[in-house]
Structures are given as structure tokens and as C-alpha cells.
Amino acid sequence: GLEKAIGGGLVLTGGTVLLEGLFEVAEQIFDLPVRRGVPSGVGKMGGALTTPAYSTVIGLVLYGYRTHPQRWARAQANGSLLSSGMSWIRNWWT
């Protein structure tokens with residue numbers, strides 16, 4: 001019964017949004033506007049990472065990077081296994 005409290009509609013992400021007819025079915029089920037979510041803010045990365053299949057993981061990584069910069073810096077300073085990956089992500093997103 002809370003569907004009507006969602007004023008702006010639904011945003012679907014992930015590879016499933018590439019299925020033909022998904023938006024029509026979702027709009028019928030929820031009686032709300034539905035749109036496709038795609039990654040944004042990926043800077044130089046672009047390409048395949050801008051498809052909906054990567055939107056959830058890109059969003060989670062960006063959220064973590066933006067809300068917990070001290071953890072990213074600490075992992076980088078400690079030379080953890082993730083430090084090279086984090087460095088790569090930071091270089092591409094800035």
C-alpha cells in the first residue's frame with residue numbers, strides 16, 4: 001500500500017533492465033512511472049561501465065569512496081591488497 005508514497009516513480013538498475021518489455025510490466029504492476037538507472041560520475045572510465053549492468057556496483061563504490069574517504073586513505077597507506085584497486089578507481093574517477 002506504500003506504492004503511492006513514491007512520488008517520482010521507480011528507477012530500475014542492473015542487467016535485468018535490458019530485458020525487453022520489463023518497463024511496461026513494471027509500470028503495470030506498480031502503476032508508477034519507471035525509468036532505467038545508468039551509472040554516472042565515472043569520469044574517464046566510460047565505455048561498458050556506463051551500462052545499467054554496472055550501475056549498482058558503481059553506485060556502491062562511489063558511495064563508499066565519497067562517504068568514507070578516511071577508510072580509503074587508510075587502506076592505501078597500509079598497502080592492503082585493495083590499495084592498488086582503490087588507487088586505480090580514484091585515478092579514474094577524479
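General observations
- Take 17-23, 34-40 and order them by the average number of nearby Cβ atoms within 10 Å per residue, most first; the result is 34-40, 17-23.
- For the peptides 57-64, 26-33, the ranking by packing is 57-64, 26-33, with the highest mean count of neighbouring Cβ atoms within 10 Å listed first.
Readers should treat all values here as calculations from the given coordinates under stated rules, not as data from a laboratory. Since we're looking at a predicted model, the values are computed, not measured. So basically every Cβ, Gly included, is an ideal-geometry build from the backbone, and we count neighbours across all protein chains shown.
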